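Visitor: Can you read through this structure? Questions will come right after.
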Amino acid sequence: MINSFFGFEMGRRAMDYFRRGMETAGHNIANADVEGYSRQRVEASSTDPFTDPGLARPAIPGQIGTGVKIDAIKRLRDLFLDSQYREEISVQGYWEQVQQAVNQTEIYVNEPAGKGFQYAIDQYWEALQEVSKRPDDSATRENLVQKTKSTVAFLHQLETNYDQYRTALNKEIKLKVDQANEYIDQIAGLNEVISEIKGVGGNPNDLLDRRDLLTEKLSKIIDCTVGSPCIDEADGEFKIDLHGKLLVQGTKTRHLETVPMVGNQGFFDVQVEDNTFDHVSNPEVAVAVLEQRMTESVVSLQVKRLANEANWEVGKGNGRLAVQDANAALGLRGSFGIQVGTNGVQKTTTAFPGNPPAVLVGTVLEPPIPATTEVTHRFRVAAGGFESLVQVRWNSVTNQWDITDNQGHAAASATANLNLSDLDSFFGANYGAALDCSVNGAGNEWTLGSDNRELLSITDVQGNLASQLGLKNSGPAVTINVTEEDTLTTIANKINGAYASELAKKTPPELTTDPAGDPPDRPEEWLRCLIERDGANGAYYLKLQSDLAGEGQRINVLGGDDCGTGQGGSLYMARKLGFVNVEDPATPELELDTTSFITQAQDAYFVFENKEYLSVSNAFRDARLLTPDDGWSASTAEELYSGLRLELRAVGETQIQCRHHVQGGALKGMLESRDDFILAQMDSFDEIVFGLVSETNALHFAGHGTGDYLMTSGVEFFDTVAVRYGAAKSFELNEEIENHSGLIAAASDDGKGKAQGTGGTSSGDGSNALRMAQLKQTKVLNDRTADFNAFYESFIAELGATGQRAATMGKNQTALVGQIQTQRQAVMGVNMDEEMMDIIKFQQAFNGAARYITTIDEMLDKIINGMGRVGL
């Protein structure tokens with residue numbers, strides 16, 4: 001039975017609910033402008049009615065309500081929108097950082113409206129043109145020096161700005177990681193308090209808001225996820241996950257760590273605590289830069305040989321003339337040949353199918369007619385440090401072809417014909433340690449290869465046997481004719497002047513080229529000749545130096561006319577000038593005629609993911625793949641692995657591991673800007689500098705100075721840059737040119753070792769300066785597909801397009817995040833009007849409940865104090 005005080009309890013419950021409702025509305029209003037706050041609502045329900053169904057229940061007409069109760073004070077959140085927001089704000093953080101990096105580099109470049117590198121290099125080209133018009137004018141030459149220094153300064157400033165920005169980004173990455181770790185610790189700390197409050201039946205709404213806000217801030221830095229177990233907290237623990245690696249699990253944490261990368265200037269990679277790893281298993285063999293675009297993988301590397309990043313140098317042979325005056329006539333007449341290049345690591349002859357029954361398959365040479373005719377062929381085979389001069393001569397006594405070399409080896413053909421098998425037997429028996437050779441099953445092709453994957457060079461010295469075999473180097477060969485009045489200086493000038501010479505194309509008596517091709521007109525096809533002085537005896541000698549570094553620019557010394565006899569194939573002049581060694585003191589009976597190398601170039605040879613590569617330098621992004629597709633020439637460079645840059649350090653094996661723990665958010669944007677975007681921009685600077693230096697120097701070597709330097713050639717305009725990778729850091733004007741503008745080689749050589757059209761008495765020719773100026777419109781960059789202006793304009797256009805894309809994506813992402821946030825605020829945001837209406841509603845309800853209790857009180861007062869007193 002319900003007692004008389006039943007109404008008091010029901011009124012008390014109602015007043016408590018209405019008071020809590022007003023307090024909650026007031027709390028919402030108070031926090032309306034607090035970041036991350038979600039509005040709260042009192043959830044209430046009816047209390048259990050009186051009475052429960054049953055046979056013993058009182059005989060009353062149905063159940064009687066007992067009032068209201070407060071179930072909880074809940075936050076209003078949409079978990080789906082929260083999850084979406086965290087995902088999209090991570091993307092927004094990424095694009096904000098990318099856009100910031102692009103904007104910063106655009107300030108450095110200051111194009112197209114500003115006066116940056118584009119303006120400076122245009123001034124440089126104009127100054128060169130002025131020198132070509134007025135080569136005798138010292139003011140014009142000095143202007144070129146100053147404009148060149150400005151170009152160098154602008155490029156160095158760009159390089160410095162980019163380097164400094166990379167360093168600044170690296171520091172900012174460390175700060176971002178520290179900030180993320182602080183959020184992780186705060187979230188774990190909140191988890192502990194929240195767990196305690198929930199354990200005693202509390203509902204820590206404000207703490208939950210704080211935890212969600214920190215999670216969102218962490219999501220902007222990294223692309224972490226709050227998985228479904230975390231959302232509904234099915235196991236009772238709040239978790240934050242980063243691609244399978246838990247950063248937060250209840251009160252336990254894993255921090256982000258900044259791991260220095262040796263190959264990337266010690267810059268940081270961001271990894272997860274307890275999951276750190278080394279990118280390179282054996283850094284003594286190689287180190288690496290791993291860009292963010294590199295896919296997660298483990299790749300293998302086996303370094304078999306390091307590059308020495310050197311240019312070939314030839315000279316100082318043991319039979320050279322002892323010349324005490326470089327400008328004194330030598331009194332020699334004859335010629336010699338020079339050719340630069342190689343055949344690749346493996347070369348196969350043309351097919352010799354034969355013509356049965358007269359000529360058997362594989363026959364290279366038949367007996368001469370008549371049989372008493374003297375026929376001699378000599379060809380040079382070289383690879384790395386190995387070199388042999390092979391001679392094939394018809395022996396009219398034995399009716400066989402004698403095969404000998406300059407190392408004392410001898411053999412004879414099996415029959416009167418010289419067959420591929422004869423050559424194969426000779427090479428296999430004597431050169432097996434350096435060369436691999438084999439005849440195919442049909443017997444009509446012979447393959448010759450380097451055992452150590454060094455580039456082969458095969459050239460005819462006398463006769464044309466290598467050419468008949470299809471083994472001869474394809475590069476242009478130049479013959480230099482020497483006359484009695486020539487000095488070391490004029491011979492050096494003739495050699496230098498052969499580059500891209502119009503005279504060479506006309507093949508005058510002073511200078512001839514291989515009839516099958518044009519003269520060398522690319523830096524990789526030629527060399528420069530310098531006059532050096534021997535410290536031992538003070539004698540001068542000529543030194544040939546390849547224009548570019550690497551095995552592929554091997555210098556091959558060819559035969560010439562023996563003192564005007566017309567016999568050809570003689571190395572007499574090459575001996576006198578010291579380009580080949582006459583003899584070995586240990587075997588004076590042999591004429592060695594080996595190339596007298598001062599410096600031998602060596603390429604790096606390595607195996608990457610079971611593919612063989614060569615590289616001129618030990619630090620690179622692109623390397624030359626060894627493949628039969630290009631005839632094993634190793635002539636085309638390609639990106640080794642997308643996003644990977646290597647630096648080889650020693651022979652050995654190692655593995656390179658790429659795992660990106662952070663794959664989104666602001667940190668991803670910073671890492672990508674530092675390692676992908678900026679390095680790609682700096683690659684463009686390297687391309688420009690390497691092309692400008694190598695092409696300009698090659699032309700400048702071929703020209704003559706003015707005044708006291710009228711007979712001077714072979715001078716570099718820019719300091720030599722050995723390799724393409726990192727070339728921009730070595731970009732400098734030759735100090736000698738800066739101090740002596742008369743060294744600027746404006747005049748071309750006339751083919752006789754003197755300035756073009758002057759007879760050596762004037763320097764009025766500016767044709768070589770004009771050729772240098774014409775490089776502006778010459779396609780020499782990007783595999784000879786773009787000229788300097790087009791390449792830089794393309795660079796600016798790409799930078800602008802990247803900036804526009806980043807700005808567009810950033811704007812779109814900001815709009816998307818804003819839209820999701822608007823939807824969230826519709827759920828969790830505080831509406832002042834709604835809260836005021838709730839306050840009024842709860843106030844009126846509270847007053848009604850109070851009036852209800854007063855009424856009950858009056859009723860009870862009547863019962864207690866008024867009943868039983870009749871008449872009163």
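Visitor: Mean residue ellipticity at 222 nm from the helices of the chain, using -39,500 (n - 2.57) per DSSP H segment of n ≥ 4 over the full residue count, to the nearest 500 deg cm²/dmol?
Guide: -12000 deg cm²/dmol
Visitor: Pull up the cross-link candidates among the lysines for residue 811, meaning alpha carbon to alpha carbon under 17 Å and not fewer than 8 places away within one chain.
Guide: Output for residue 811: 220.
Visitor: Right, another one. Would you list which lysines come within 19 Å of residue 776, measuring only between C-alpha atoms, while excluding same-chain residues fewer than 8 positions from it?
Guide: 115, 133, 147, 149
Visitor: Please compute, for the alpha-carbon atoms of the stretch 343-469, the extent along each of the three principal axes and give them in descending order in Å.
Guide: The principal-axis extents, from largest down, are 41, 31, 22 Å.
Visitor: Exposure proxy check: 808, 151 ranked by fewest other beta carbons within 10 Å?
Guide: 808, 151
Visitor: Lysines near residue 494 by alpha-carbon distance under 20 Å, same-chain residues fewer than 8 away left out - which ones?
Guide: Candidates past the 8-residue exclusion: 316, 505, 506, 543, 576, 752, 754.
Visitor: Based only on other Cβ atoms within 10 Å, what is the fewest-to-most ordering of 522, 621?
Guide: Placing the least packed residue first, the sequence is 522, 621.
Visitor: If you don't mind, there's one more thing I want to ask. Just need the Rg to Rh number for the stretch 272-410, please, alpha carbons only, Kirkwood Rh.
Guide: That ratio is 1.19, to two decimals.
Taken together, the values in this text are just the output of simple stated rules run on the coordinates, not laboratory data. Predicted, not measured: the structure shown is a model, and the values here were computed from it. Don't worry about glycine lacking a Cβ; one is built from the backbone with ideal geometry, like all the others, and counts go over all protein chains shown.
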